[in-house]
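So the structure is just underneath, and the comments pick up after that.
The values are calculated or read from the model by the stated rules, or taken from the named source; none is laboratory data. These numbers come from a predicted model, not from an experiment. Cβ: placed from backbone, ideal geometry, glycine included. Neighbour counts: every protein chain shown. To get the accessible areas, we keep the full protein, side chains included, count just its heavy atoms, and leave off ligands, DNA and RNA. Shrake-Rupley method; radii C 1.70, N 1.55, O 1.52, S 1.80 Å.
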Amino acid sequence: EKQGIAGSGLFPGQVYVAHNAAEVQALSNTLSPGDQLVLSASGNWVDALFTFQGHGTYAAPILIRGETPGGVVFTGHSRLYFHGENLVVMDFKLQNVQVAGSGTTLLNLGAGGIEASDSILDRVEIVDCNSPNPADWPVVRMFYAQVRGPRNTVANCTFSGMKHYGQMLTAENLPVGELQQLHVLNNHFVNRPHIDEQNGYEIIQIGWSGEYAASSGSLLQGNIFENCAGENETISLKASDIYVRDNQFLGCQGVLSLRVADRVLIQNNIFDGSGINNTGGIRLAGAGHVVAGNTFTDLRQPANYYS
């Protein structure tokens, strides 16, 4: 009996193999529900820039995957864009990708005016992607990953070693006319050093202040935040109706901040400062929150987090 992807029954269609960004681009908008796009482990993924759009269905998504887990590594000045609906994007790595221009996002699940919906980002790693010039880190804003659109999931991914001003994962643009319902599940956010005192080094941001605490309907569960010291907000919630549960904050010099939010459930999380200065727990603002079953240990919180 077939196991894993082959045995799931979700992808019974054609299998296409791409060896470089041009071949991925050529296949955009051509795959049918249930098809697979395999990124070749022997391909050239240096300076890869492509936009892939696909239209799967709930019963038959489109799968975009590395040929072998960890065997496909994007480097150089790579930028990846995935748009459409019912896409499953998984099993590759961006490592030591260089950032040259402000506003750069390395991996986009929906971007600009084009959304992705009902799609999954799974088992993707983004590691040590920064400008080689340290002087760029506090002035060139960049993002590891952006999610835009309704009912998307980021699961089992690793985000590590980001030094630039900007977020590791941003989902600040809420969909118009429907709930965001973003699921951020079982990811590892690690090694975000403190560069300077300015705002803008969050690990995750959901919503933005201009949307005035609009409802999101999102879930952050089972994630580990470790050695994240970018700024005093590890997570910045600028949207309402969000569950934050069963996460671990380990040695993070910041807080879970309900910056502009109402009706947030914060449950069964661990906030362990490991005795490190400037570690905190939860910053509450807004109304209708429930905080229950959380553990706070060895936190060291001065007034401004960085004194």
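Would you kindly calculate the translational diffusion coefficient of the chain, applying Stokes-Einstein with the Kirkwood radius from alpha carbon pairs, for 37 °C and a viscosity of 0.692 mPa s, and quote it in µm² s⁻¹ without decimals? Could the numbers behind the result be given before it?
On the way: Rh = 19.7 Å.
Answer from the Stokes-Einstein relation: 167 µm²/s.
With unit charges on the beta carbon (Lys/Arg positive, Asp/Glu negative), name the residue among V184, Y243, V72 whose Cα is farthest towards the positive pole of the charge dipole of the chain.
My answer, from the dipole projection, is Y243.
From zero outward in steps of 10 Å, how is the percent of C-alpha pairs of the stretch 38-158 spread across the bins?
Percent of pairs per bin, in order: 14, 46, 32, 7, 1.
Can you send over the carbon and sulfur percentage of the accessible area for the chain, probe radius 1.4 Å, protein chains only? It would help to have the intermediate numbers written out before the result.
Numbers: 5890 of 12180 Å².
That share works out to 48 percent.
Would any residue of the stretch 232-249 have its amide N under 17 Å from a label point 7 Å out along Cα→Cβ of Y212? List them or say none.
238-241
Past the 13 angstrom mark, what percentage of all C-alpha to C-alpha distances in the stretch 45-91 do you count? Let's see the in-between values first.
Working: 660 of 1081 pairs.
Result: 61 percent of Cα pairs exceed 13 Å.
Give the residues of the stretch 245-259 whose amide nitrogen is closer than 14 Å to a point set 7 Å from the Cα of T295 in the direction of its Cβ.
246-251
If you build the Cα gyration tensor of the stretch 220-262 and take the root of 5 times each eigenvalue, what three semi-axes come out, in whole angstrom, biggest first?
On the way: eigenvalues 65, 37, 6 Å².
They are 18, 14, 5 Å, listed largest first.
Assuming R0 = 25 Å, can you tell me the calculated FRET efficiency for the pair N29 and H77, based on Cβ-Cβ distance, to the nearest 0.05?
Once the sixth-power term is evaluated, E becomes 0.55.
Once the dipole of the chain is set up with Lys and Arg at +1 and Asp and Glu at -1 on Cβ about the Cα centre, which of H83, Y58, H164 lies farthest towards its positive end?
It is H164.
For the chain, what is the accessible area per residue in Å² when the probe is 1.4 Å?
Working: 12180 Å² over 307 residues.
Roughly 40 Å² per residue, with all protein chains present.
May I ask you to list the residues of the stretch 123-154 whose amide nitrogen lies under 14 Å from a point 7 Å from Cα along the Cα→beta-carbon direction of A100?
131-133
For the stretch 181-267, what does the alpha-carbon gyration tensor say about shape, rounded, prolate or oblate, given a ≥ b ≥ c as the root eigenvalues, a/c under 1.5 as rounded, and a/b over b/c as prolate?
Working: a/c = 2.26, a/b = 1.28, b/c = 1.77.
Oblate shape, in that a/c is at least 1.5 and b/c is the bigger or equal ratio.
If contacts are Cα pairs under 8 angstrom and at least 6 residues apart, what is the relative contact order of the stretch 229-280 in percent? Kindly include the intermediate steps, with their values, before the conclusion.
Details: 110 pairs, mean separation 22.1, N = 52.
The value is 42 percent.
Using R₀ = 45 Å, calculate the FRET efficiency as 1/(1 + (r/R₀)^6) where r is the Cβ-Cβ separation of A135 and A59; round to 0.05. Don't skip to the end; give the middle numbers.
Numbers: r = 51 Å, r/R0 = 1.13.
In this case the efficiency is close to 0.30.
Is the C-alpha gyration tensor of the stretch 117-260 telling us rounded, prolate or oblate? Criteria: a/c under 1.5 is rounded; beyond that, a/b larger than b/c is prolate, otherwise oblate.
Numbers: a/c = 1.57, a/b = 1.41, b/c = 1.11.
Prolate.
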